[in-house]
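Peer 1: A single structure is presented below for examination.
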Amino acid sequence: MEKQKSLLIVYLYSQVLSKIAEEENTKTNYSFVNLFRTPEMRKISLYTGLVWFGVVFSYYGISLNITGFGLNMYMTNFIYGAIEIPFRLTLYFFMKKRSRRQLQAWSILVSGFFIGINTVIPVSLGPLRTTIATLGKGFSGCAFMVLYLYTAELYPTVLRQNGIGYNLFLSRIGVALAPLILLLDEVWKVLPQVIYCSVAIVCGLVAFLLPETLNVELPDTIKDIEETR
C-alpha cells in the first residue's frame, strides 16, 4: 500500500512539472535576447562567453603550435593527444566531489601558467619546453571538459539551448583567431605565447565570478536565476 502511494505521488509530481513546463513554453518564446535582458542572466552570459572564448582560444593555441618546441611534430602531436587521457579520467572523479567553479577556474589558470613558463625557457631546451607545453595542454583539455557540463548547469532549462549556442558561437571565434596569433611571432618570437597566456589567465579569473552549481538544484526558469543568485 505504501509503495503504491509513493508511486502515485511521484506520478502526480511528474505530471505537475510537465504541465508547468508546458505552460511556460506556450506563454513565452525565448530567444537569445533573453540571455541579456535580466541582470543575473546578463552576468552569466557575459562571463561564460569570456570563459568559452578563453578556453578554446588557449586550447587551440597550444594544439596548433606543434613545431615550436624542438621535437618532431608527429611525436609532439601524439604526446599532445595522449596526455589528455589520464588528465580527463582523473578529472571525471574530481567532478563528482569538487566545486565546478574551482575546477573550471584553476584548470584554465594552470594552463595559462604553463604557457607563460615556456616564454622564459630557452629554445635550446626543446624537451623541457615540450614537457611544459604538454602539461598545459592537459589542463587546457580539462578546462574544456568541465566547460560543457558547467555551462549547461548554469543556464535555466528554458534558455539552456540558447545559452549553449551562444557560447559555441564565441568559441568558434576563438578557434578562428588562435592560428592567426601564431603569425605574430614575426613581430616578437614569444608574443603568441604571451597572448595565449594572458587570455587564459584573464578568463580563469573571470570563471571565479560564476555561481557554483555542485549539489545545487538546476534552474528551470529565468525567475529561478534572478531570485536565487
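The values are calculated or read from the model by the stated rules, or taken from the named source; none is laboratory data. Remember, predicted model here, so these are calculated numbers, not experimental data. Here the Cβ positions follow ideal geometry from the backbone for every residue, glycine too, while neighbour counts run over all protein chains shown. Areas reflect the complete protein model, heavy atoms only, side chains present, ligands, DNA and RNA absent. Shrake-Rupley method; radii C 1.70, N 1.55, O 1.52, S 1.80 Å.
Peer 1: Once you list every other residue whose beta carbon is under 10 Å from the beta carbon of Val123, what net charge do they have if Lys and Arg are +1 and Asp and Glu are -1?
Peer 2: Summing Lys and Arg as +1 and Asp and Glu as -1 gives +2.
Peer 1: Could I ask something else about it? Using 7 Å Cα-to-Cβ label points, what is the Phe32/Arg172 separation (nm, one decimal)?
Peer 2: 1.0
Peer 1: Here's another thing I want to ask about it. Taking all protein chains as present, what is the carbon and sulfur share of the accessible area of segment 74-229, in % to the nearest whole number, probe 1.4 Å?
Peer 2: Values: 5670 of 8020 Å².
Answer for segment 74-229: carbon and sulfur cover 71 percent of the accessible area.
Peer 1: Could you give the nm distance between label points at Phe78 and Leu64, where each point is 7 Å from its Cα heading toward the beta carbon?
Peer 2: 2.5
Peer 1: Please identify which residues in segment 152-175 have an amide N closer than 20 Å to a label point set 7 Å out from the Cα of Asp220, following the Cα→Cβ vector.
Peer 2: Counting only backbone N, you get 152-163.
Peer 1: Compute the semi-axes of the equivalent ellipsoid of segment 63-150, taking the square root of 5 times each eigenvalue of the Cα gyration tensor, and list them largest first in whole Å. Kindly include the intermediate steps, with their values, before the conclusion.
Peer 2: Values: eigenvalues 132, 38, 15 Å².
Listed largest to smallest, the semi-axes of segment 63-150 are 26, 14, 9 Å.
Peer 1: A follow-up question, please. Taking only the alpha-carbon positions of segment 134-229 and ignoring solvent, what does the Debye formula give for the base-10 log of I(q)/I(0) at q = 0.14, 0.24 Å⁻¹?
Peer 2: Treating every Cα as an identical point scatterer, log10 I(q)/I(0) equals -0.67, -1.37.
Peer 1: For the peptides 42-49, 102-109, 122-129, what is the packing order when you average, over each peptide's residues, the other Cβ atoms within 10 Å and list the highest mean first?
Peer 2: Put in order of decreasing packing, that is 102-109, 42-49, 122-129.
Peer 1: Take the alpha carbon atoms of segment 150-187, find their center, do the same for segment 102-146, and report the distance between the two centers in whole angstrom.
Peer 2: Result: 20 Å between the Cα centres.
Peer 1: Of the peptides 214-225, 50-61, how do they stack up when ordered by the mean number of other Cβ atoms within 10 Å, highest first?
Peer 2: 50-61, 214-225
Peer 1: Once both labels are modelled 7 Å past Cα along the beta-carbon direction, what's the Glu40-Thr228 spacing in nm?
Peer 2: 0.8
Peer 1: Determine the per residue accessible area of segment 86-223 with all protein chains present and a 1.4 angstrom probe, expressed in square angstrom.
Peer 2: Details: 6810 Å² over 138 residues.
In whole numbers, segment 86-223 has 49 Å² accessible per residue.
Peer 1: Follow-up question, since we're still on this one. Just to check I understand the Karplus step: with θ = phi - 60° and J = 6.51 cos²θ - 1.76 cosθ + 1.60, what whole-Hz values come out for segment 184-192, glycine and proline as x?
Peer 2: 6, 5, 6, 7, 8, 3, 9, 4, x
Peer 1: May I ask you to order 89-95, 178-184 by the average number of other C-beta atoms within 10 Å around their residues, highest value first?
Peer 2: Answer by packing, highest mean first, reads 178-184, 89-95.
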